[in-house]
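Asker: This structure is in structure tokens; I'll ask about it shortly.
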Amino acid sequence: MGFSYRIVIVAMFAFGGLLVFVHKKTHQAGLCLWVASLALGYRTVHITANYSIHPSEVILWVLFILSLRELAQNPGLGFRTPRWLWPFVLFWILGWITGLLTVSTWTQGTDVMFSEFRNFLLLLPLGVVVGVAIARTGAWKAAVVSLFLVGTWIAFGGDLEYFFPSVAHRFPGLMASPDPTMTQEGFARASFSYWGSPNATMVIILCLPMAIVVSQCFRQSWQRVLIGVAVVSQVVAIYIGGYRSMWLTVVVQFVLWTWIRHGPFWCGIVAVPAGITYEFLGETAHARVASLVAILQGHPGDTSGVKRLARIEDTWNAVLQYPLGMGWGGAGWVHSDFLQVAANLGVLAGLLFAFAYLNTLWRLVRKVQLGARWRELDPLGLSLLLSFVAVAMLLAVEGVEVLPQTMLPVWFVWVLVEIWLQGTQHARGGAAYATTSYFNSATNLQLRRHRSEHA
């Protein structure tokens, strides 16, 4: 990144930090600033060859200190820590002991160990910061809209440099090489050079479902048009990113949204235009989809699929050889966080991590399904469900825990889900997390009008 753009970015976030301190809603403004920092991508400060600090980390720890002050003054704020978290923290500690006594220190180095450990440790301050910020009226709207805007910004930048590569020459300090990368099937993958990597789509896939909530917040025609353009931009960015797992995730999200919102009949109806759209994608896209099918069948034909399968097999053998784990960083980048946690922290830690996700997903599905059954579907809950489904794909087949710029968005969605689940449970009791009523009341009002018209 060029020196001039570094000055611009530092100045922007310094100004944003100043606004946070002077704003009457400090915690809400701070959370929006932190979410905006997720758009910086690979713009990090290198401490060692294997350890870098992301700007979002610095902002998060500052907000954490401010949130602790707020909690000291208002102990009722915050949310209950999930029961699985503290046992999981114990495995984090054991990961250091195991790594220092066995293999990780000698094969990876303590900086690699701390880099991976850091990406889990950040969950603790993030939970406090988001919990304090969300316990304010209107904070849900600010958080969700900020996340959607981040996804739109990343997607628009990737689309722009992909379809208009000459733009990169006008901003040499912001964009590197916009030239796409060719896959084995001949598909041209966008580089997302200004963000740093094609895995920018791993952030976009989490932001895309927030369009459901944003469309409820902004109802004017021109606002809906802009939201539609943003959704198209994000979908296009996911497509040109070339990650087959992200393509599959978008399809799953769309099918789930259609099923929950309109029922199974409409799933069959929308399959027709979806099939027509698929035919227009081109032969290279068809070949890439075919390679995805081959991978799902356990017979990868391309180099990437073969390497991933081999890496998973090696990691599985390491799990069997070291059931107590190899320590932080011991397994390297496995492309599956559930398996990587099992290899690094032990089998029990891997099972606990998988259980934590499945338990949270089950509670979320039940809550959303109950709302849909009573025709009081909360758009926020539906958005979080679709985004949390994307979390499963990222943790299972991509592996995001090695970088803060990919892990923090995942933790953010997980924290939002947990807070929403607790908020809907306590809303009847008048707890602080009844802030979700902003969306519930709007939806219920529409349903009451609908029923009165058909009474």
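Asker: Work out how much length Ile47 to Trp61 would gain on full extension: take 0.36 nm times their residue separation and subtract the Cα-Cα distance, in nm to one decimal.
Answerer: 3.3 nm
Asker: Could you sort 151-157, 316-322, 222-228 so that the peptide with the highest average Cβ count within 10 Å comes first and the rest follow in order?
Answerer: 151-157, 316-322, 222-228
Asker: Then there's this: Once amide H atoms are built 1.01 Å from N in the peptide plane, which residues 5 or more positions from Arg189, or in another chain, come under 5 Å H to H?
Answerer: Thr181, Met182, Thr183
Asker: Classify region 328-420 from the C-alpha gyration tensor, please: rounded if a/c falls under 1.5, else prolate or oblate depending on whether a/b exceeds b/c.
Answerer: It comes out prolate by the Cα gyration axes.
Asker: Can I ask one more? So if R0 is 35 Å, what FRET efficiency would Leu320 and Phe156 give, r being the distance between their Cβ atoms, rounded to the nearest 0.05?
Answerer: For Leu320 and Phe156, the calculated efficiency is 0.15.
Asker: What spacing in nm lies between the two simple spin-label points modelled at Ser177 and Asp111, each 7 Å away from Cα in the Cβ direction?
Answerer: Reported label-point gap for Ser177 and Asp111 is 2.5 nm.
Asker: Same structure again: Classify region 110-259 from the C-alpha gyration tensor, please: rounded if a/c falls under 1.5, else prolate or oblate depending on whether a/b exceeds b/c.
Answerer: oblate
Asker: Hey, another quick one. Could you list which residues have their amide H under 5 Å from that of Ser197, counting only those 5 or more apart in sequence or on another chain, with H placed in the peptide plane?
Answerer: Sorted by chain and number, the residues that satisfy this come to none at all.
Asker: Sorting check: for 352-360, 183-191, 44-52, 234-242, which peptide has the highest mean count of neighbouring beta carbons within 10 Å, and how do the rest follow?
Answerer: In descending order of packing, they fall as 234-242, 183-191, 352-360, 44-52.
Asker: Go through region 224-238 residue by residue and turn each phi into a ³J(HN,Hα) via Karplus (6.51, -1.76, 1.60, θ = phi - 60°); whole Hz please, and just put x for glycine and proline.
Answerer: 5, 4, 5, 5, x, 4, 5, 5, 4, 4, 5, 5, 4, 4, 5
Asker: Please list, in chain and number order, the residues 5+ apart from Ser52 or on another chain whose amide H is under 5 Å from its amide H, with Hs placed from the backbone.
Answerer: Ile47
Asker: Now for a separate question. What does the extension gain come out to for Val235 and Val270, with contour length at 0.36 nm per residue minus their alpha carbon separation?
Answerer: 10.9 nm
Asker: With label points built 7 Å along Cα→Cβ from the Cα atoms of Glu313 and Leu351, find their separation and express it in nm.
Answerer: A separation of 2.6 nm, rounded to one decimal place.
Asker: Give me a comma-separated list of calculated 3J(HN,Hα) values for region 190-201, in order, Karplus coefficients 6.51, -1.76, 1.60 applied at θ = phi - 60°, integers in Hz, x for any Gly or Pro.
Answerer: So the Karplus estimates, Gly and Pro as x, are 5, 8, 6, 5, 6, 8, x, 5, x, 6, 4, 5 Hz.
Every number in this text was worked out from the coordinates using simple rules, so none of it is lab data. Quantities reported herein were computed from a predicted structural model and do not represent experimental measurements. All Cβ positions, even for glycine, are placed from backbone atoms using ideal geometry, and neighbour counts span all protein chains on display.
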